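Before any comments, here is the structure.
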Amino acid sequence: MQAYPNGPAEGHTLTSNAAAALIAKVSAKLERRVLEALTVKPMTNSELAEHLKHAPSGVQPRTSELRAKDMVFDTGRRRQNRWGNNEIVWALVP
């Protein structure tokens, strides 16, 4: 498995490491889908999850990885999610 940010971050427990190994199989594809979605417009993690019809828990780590690779950036804007919490609005690095 590739090291973060080119692969999922490994944790400190066997279950975390097992989850990282499992998601490594799909994370590259999901990263590509996140990048494609952001060509439409800047979005929050919740908006990306809804747009991609994927769990937010799978989308958020992909935006963190893409930020670490300098492929997306925090626009400085925030939007509220359905729980009333503010979320970062992500955009593609030009």
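Within the range 35-55, the residues that satisfy the criterion of being surrounded by 18 or more Cβ atoms within 10 Å (Cβ to Cβ), hydrophobic (A, V, I, L, M, F, W, C) and in contact (Cβ under 8 Å) with a residue 40 or more places away in the chain are 38, 43, 48. For the range 60-94, the candidate set comprises residues that are assigned to a helix (DSSP H, G or I) and charged (D, E, K, R); within that set, the residue that is nearest to the chain's Cα centre (by Cα) is 62.
For the range 56-84, the set of residues classified as among the basic types (Lys, Arg) and either farther than 16 Å from residue 26 by Cα or in contact (Cβ under 8 Å) with a residue 60 or more places away in the chain (or both) consists of 67, 69, 77, 78, 79, 82, listed by residue number. Filtered by the rule that a residue be touching a Lys or Arg at 6+ places or on another chain (Cβ under 9 Å), in a helix (DSSP H, G or I) and of a type in the set (A, V, I, L, M, F, W, C), the range 36-53 gives 48, 52.
Filtered by the rule that a residue be farther than 15 Å from residue 35 by Cβ and at pLDDT 95 or above, the range 50-59 gives 50, 53.
The values are calculated or read from the model by the stated rules, or taken from the named source; none is laboratory data. Just so you know, these numbers come straight off a predicted model, no measurement behind them. Glycine also receives a Cβ, built like all others from the backbone with ideal geometry; neighbour counts cover every protein chain displayed.
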